[in-house]
1. Quick check on the exposure proxy: order 70, 780 from fewest to most C-beta atoms within 10 angstrom.
2. State whether the range 1-117 is rounded, prolate or oblate according to the following rule on the C-alpha gyration tensor (a ≥ b ≥ c being the square roots of its eigenvalues): a/c under 1.5 gives rounded; otherwise a/b larger than b/c gives prolate, and the remaining case gives oblate.
3. Let me make sure I get this right: for the range 233-366, a, b and c are the square roots of the gyration tensor eigenvalues over alpha carbons, sorted descending. Under 1.5 in a/c it's rounded, otherwise prolate if a/b > b/c, else oblate. Which is it?
4. So for the range 161-249, averaging the separation of alpha carbon pairs under 8 Å that are six or more residues apart and normalising by length, what relative contact order in percent results?
5. Could you give the angle, 0 to 90 degrees to the nearest 10, between helix 338-353's Cα long axis and the longest principal axis of the Cα atoms of the chain?
6. With an 8 Å Cα cut-off and a minimum separation of 6 or more residues, compute the relative contact order for the chain in percent.
7. Distance between the C-alpha centers of the range 678-711 and the range 196-251? Whole Å please.
8. Could you order peptides 523-534, 85-96, 584-595 by the average number of other Cβ atoms within 10 Å of their residues, highest first?
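Nothing in this text is a laboratory measurement; each read-out follows from the coordinates by a stated rule. All values reported here derive from a predicted model rather than from experimental measurement. Methodologically, a virtual Cβ is constructed for each residue, glycine included, from the backbone with ideal geometry; neighbour enumeration extends over all protein chains shown.
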């Protein structure tokens, strides 16, 4: 094998030319990497080539080949390779290449340790970490971290020796790199520390925490983002292991983190990271924090102060300290008792809401609104005296405060619209004033945001406001809403369309005078599909039309049903998840309006819903992975099956079939968790299926579809997403109830309580009941989600 040719190919693979890189990679896979001798050649290139990029590429590729070829390497070559690599790492001037060489050493020694041959190298490695030479300590500590990260169990017999080393080096006076490497090594060794069995190791791990805080503090003060991110990651890893490790210092750690988060002189990213750690602490150390006097209150109040700096001009998706503090407020409200976090919030609310600084007034409403979801029952009992202040904030002189008040009101209305009934009229009036003022002002970002929020408030309040109150505002609401359908911003149009549906739903028969005009205005959006924004508008329109149908009834809506159903069925093929979901919801609403008269559309409805429930996989391209090596051509990531595309060219196939080392690419799939867009779509499809069966299926329909429904729905009782599990169980019960009801009506009998069943249901119903019983008991016994358990208890 020609070392120079191999080096040339590695150099050619660095060129930013996709086709060239593909051809070179195929050549390397086929003619070099498949052969054991390529590993030693790559090591030589990594140590001797004059081009730093080639040296690094060689070391990275060599590490990938270690599991495949190191065992086949000649025994007499192994000690030389290890020692030369260590020497090369110590001499390497490039930090990134030095790290690559260190990882290669760690990978090789890890293989040796699996074979029981690594002790000699450890005798070299440990003293290296205590060397007088700074570079030696940096290389030694990075190799040690890399080995621990790869497989800490190799060091199970050396735990105390390592912990002693960490204690001596964690505050290395000469090298930040050593300090960071040791912190990472501490995070990696957590897996093999058994606190109950090894109190000495527990005490050592606890003693590291103050030092880690000092290191974090220093990196934050230095603005060293790369380093403080690493330290934060290690702090997060502590939360995944035995709570006793953090217990002694948890209060101090929480206070340090909230202090850092509140420090306006620190970088925003560091503050956001501190808040992220606090959020995880509240979730995973809930009982510990609950037992700490005043800790919940301190976190809540300081989070509220951080929110005062919210810049509404920032992108909503930017995770600034203020936006992350809102997430902390939400988490505190969800996880801790109201007396510990909601009472302090409510105590602060009046002073925040009347503060001269508009940031405080804004924070008051955002905090209250976001806490409402976590503690709706408690906040609802305290809401009445706050409503006048809330209305004042809706009418505030500052536009950002009014916007925040609208956002807060939306959150409150989602959870407790009934508790706001005493002030519905004033709230609607204030919302309408905001809408009018923003509509008449310049069409800038701030006014557009207020218009959308005002529409959102009307949308959220729709179902909860008294029909007479909404009817009295009808003329003042419908006109502006219809006018907004001509706004240049698609988001405003969509918000207005949704609000019209909510207003109609609340007005009921009082909406009829506006019905024809509204249908004409909305009708132009029923089939649009120009772009994603247009389809979002179509989705909002579809949802709105379903609510209008509920308001005006079957006869008035009849002329529009056929075209609307055609449009909704077409929408399923437009590859827009939200449009599919609102099409399903439209079917749900129309089934409620037309009851068994809806059976004309059931074939298309069941076809569309079943197709959604059968969406199990996504197909993606994973370079270096050949689906023929995967059995059924799929991998499971985050509880979701993902189909891998077949190679399209010969080079792709060569790369794939030689790509055993490329499973690291799966790390890029972390976002394919169980709660995917498909899972959310299926949750809605399951719910709508229950609605359609309950409302529109007669005996004939049930004979056709009931068995298929059970077959499709039962597997979702074991879905990784709790929303699907919960809805699946509900739909199974609703299906059983409808089948039983139709049988009772057709047989002229009435079920009587008691065992055995009287009258005895037919075998088909008994079989359905058995499937339902099995699914219900399985989920009740094993499910840890309280929402699912609550549903089962209510059933």
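1. Ascending Cβ contact count within 10 Å gives the list 780, 70.
2. oblate
3. Numbers: a/c = 2.16, a/b = 1.38, b/c = 1.57.
The shape class here is oblate.
4. Once divided by the residue count of the range 161-249, the mean separation gives 33 percent.
5. 70 degrees
6. Numbers: 1047 pairs, mean separation 47.1, N = 795.
Reported as a whole number, the value is 6 percent.
7. Using only Cα atoms to place each centre, the spacing works out to 51 Å.
8. Working: 523-534: 13.9, 85-96: 16.9, 584-595: 22.3.
Highest-to-lowest ranking by the protection proxy: 584-595, 85-96, 523-534.
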